[in-house]
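*Asks:* Got a structure for you, written out below as structure tokens; questions coming shortly.
The values are calculated or read from the model by the stated rules, or taken from the named source; none is laboratory data. Predicted model, so just to flag it, every value in this text is computed and none were measured. Counting neighbours? That spans all protein chains shown, and the Cβs are built from the backbone with ideal geometry, glycine included. Accessible surface is based on the protein model in full, side chains and every heavy atom, while ligands, DNA and RNA are left aside. Shrake-Rupley method; radii C 1.70, N 1.55, O 1.52, S 1.80 Å.
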Amino acid sequence: MVTAAPGEDRSPALALVNTRRLSANGDVDDLAEPHGAAAWLRRHDLAAASLGPADVARLSELRGAIRELLAALADERVPGAAAVTTVNAAARADAAAPQLVWRDGPVRAWRSTRPGTVDEALAALARDAIDVAGGDLGRLVRPCEAHGCVRFFFREHARRRWCSTTCGDRVRAARHQRLVVEQRTASAE
């Protein structure tokens, strides 16, 4: 199991983007097939009744669009229009309506009009991406600076540069190895 990047617990859209990553064995895609995608949705309380290949393609397309939004935030640039269009369309895929829920008193909650559907899951992910991009968390989005890492995280500490301690350790080990080689080269001259 991969360690969650900082912020994945607060943003399912960030967690979605990080379902595609690089590992020592190559490219990893947690959404490559319907079973894996359904399991990921369940782990994030976005259960859909069932997923087919077309649903996985829609989820992957949304992931790519959200990745573009996060990259644009991190790079302080305007995202591609297609990414914005994809996220907005997914957010509209399922209407949500305010509902009165009675727990120790009245509470207003937004509920899907089509619970348990893929549209509900996609809309929830897209709405979260919109909340991140348009809210305070948007300024915290950063790409991991470790070579070969493609994950994003919320940088809530000024010195944090990596999505995980694993990436940080890899960078420090590579830096140490570079220094050793430089010292050997310098002493051999």
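*Asks:* So which residues in region 142-163 are under 14 Å from the mean Cα position of the chain (by Cα) and under 16 Å from residue 24 (Cβ atoms)?
*Replies:* 144, 149, 150, 151, 163 - these are the residues of region 142-163 that are under 14 Å from the mean Cα position of the chain (by Cα) and under 16 Å from residue 24 (Cβ atoms).
*Asks:* Moving on. Looking at (1) within 15 Å of residue 122 (Cα to Cα); (2) within 16 Å of the chain's Cα centre (by Cα), can you tell me which one residue 88 breaks?
*Replies:* The one condition residue 88 does not meet is (2).
*Asks:* So which residues in region 156-189 are touching a Lys or Arg at 6+ places or on another chain (Cβ under 9 Å) and open to solvent by less than 80 Å² (accessible area, probe 1.4 Å), if there are any at all?
*Replies:* 162, 163, 164, 167, 168, 171
*Asks:* Across region 110-132, what is the total count of residues that are open to solvent by less than 50 Å² (accessible area, probe 1.4 Å) and hydroxyl-bearing (Ser, Thr, Tyr)? Spell out how you get there, then give the answer.
*Replies:* First pass over region 110-132, keeping only residues open to solvent by less than 50 Å² (accessible area, probe 1.4 Å): 112, 116-119, 121-126, 128-129, 132.
Still in the running and hydroxyl-bearing (Ser, Thr, Tyr): 112, 117.
Summing the residues that are open to solvent by less than 50 Å² (accessible area, probe 1.4 Å) and hydroxyl-bearing (Ser, Thr, Tyr) in region 110-132 gives 2.
*Asks:* Would you please list the contacts, defined by Cβ atoms under 8 Å and residues six or more apart or on different chains, that run from a residue in region 91-111 that is polar (S, T, N, Q) to a residue that is surrounded by 10 or more Cβ atoms within 10 Å (Cβ to Cβ)?
*Replies:* 99/109; 99/110; 99/111
*Asks:* Taking region 140-169 on its own, how many of its residues are in a helix (DSSP H, G or I) and at pLDDT below 95?
*Replies:* Total meeting the criteria: 5.
*Asks:* Could I ask something else about it? Give the number of residues within region 1-29 that are closer than 11 Å to residue 132 by Cβ and among the charged types (D, E, K, R).
*Replies:* Looking only at that region, the number is 1.
*Asks:* Checking the condition open to solvent by 70 Å² or more (accessible area, probe 1.4 Å), part of a helix (DSSP H, G or I), at pLDDT 95 or above and not polar (S, T, N, Q), which residue from 58, 42 passes? Break it down into steps so the answer makes sense when it comes.
*Replies:* Details: 42 fails: at pLDDT 95 or above.
Going through 58, 42 in turn, just one is open to solvent by 70 Å² or more (accessible area, probe 1.4 Å), part of a helix (DSSP H, G or I), at pLDDT 95 or above and not polar (S, T, N, Q): 58.
*Asks:* Could you grab me the full set of residues in region 17-32 that are free of Cβ contacts under 8 Å to residues at least 40 places away in the same chain, touching a helix residue (DSSP H, G or I) at 6+ places or on another chain (Cβ under 7 Å) and either loosely packed, with under 15 Cβ neighbours inside 10 Å or not in a loop (DSSP other than H, G, I, E, B) (or both)?
*Replies:* If the condition is that a residue be free of Cβ contacts under 8 Å to residues at least 40 places away in the same chain, touching a helix residue (DSSP H, G or I) at 6+ places or on another chain (Cβ under 7 Å) and either loosely packed, with under 15 Cβ neighbours inside 10 Å or not in a loop (DSSP other than H, G, I, E, B) (or both), then no residue fits.
*Asks:* Residue 134 versus (1) more than 30 Å from residue 52 (Cα to Cα); (2) in contact (Cβ under 8 Å) with a residue 12 or more places away in the chain: which is the lone unmet condition?
*Replies:* Of the numbered conditions (1) more than 30 Å from residue 52 (Cα to Cα); (2) in contact (Cβ under 8 Å) with a residue 12 or more places away in the chain, the odd one out for residue 134 is (2).
*Asks:* Are any residues in region 92-109 surrounded by 10 or more Cβ atoms within 10 Å (Cβ to Cβ), touching a Lys or Arg at 6+ places or on another chain (Cβ under 7 Å) and not polar (S, T, N, Q), and if so, which ones?
*Replies:* 94, 96
*Asks:* While we're on this one: Checking the structure you have, find out if any residue of region 61-80 is within 18 Å of the chain's Cα centre (by Cα), modelled with pLDDT under 95 and open to solvent by less than 30 Å² (accessible area, probe 1.4 Å).
*Replies:* For region 61-80, residues within 18 Å of the chain's Cα centre (by Cα), modelled with pLDDT under 95 and open to solvent by less than 30 Å² (accessible area, probe 1.4 Å): absent.
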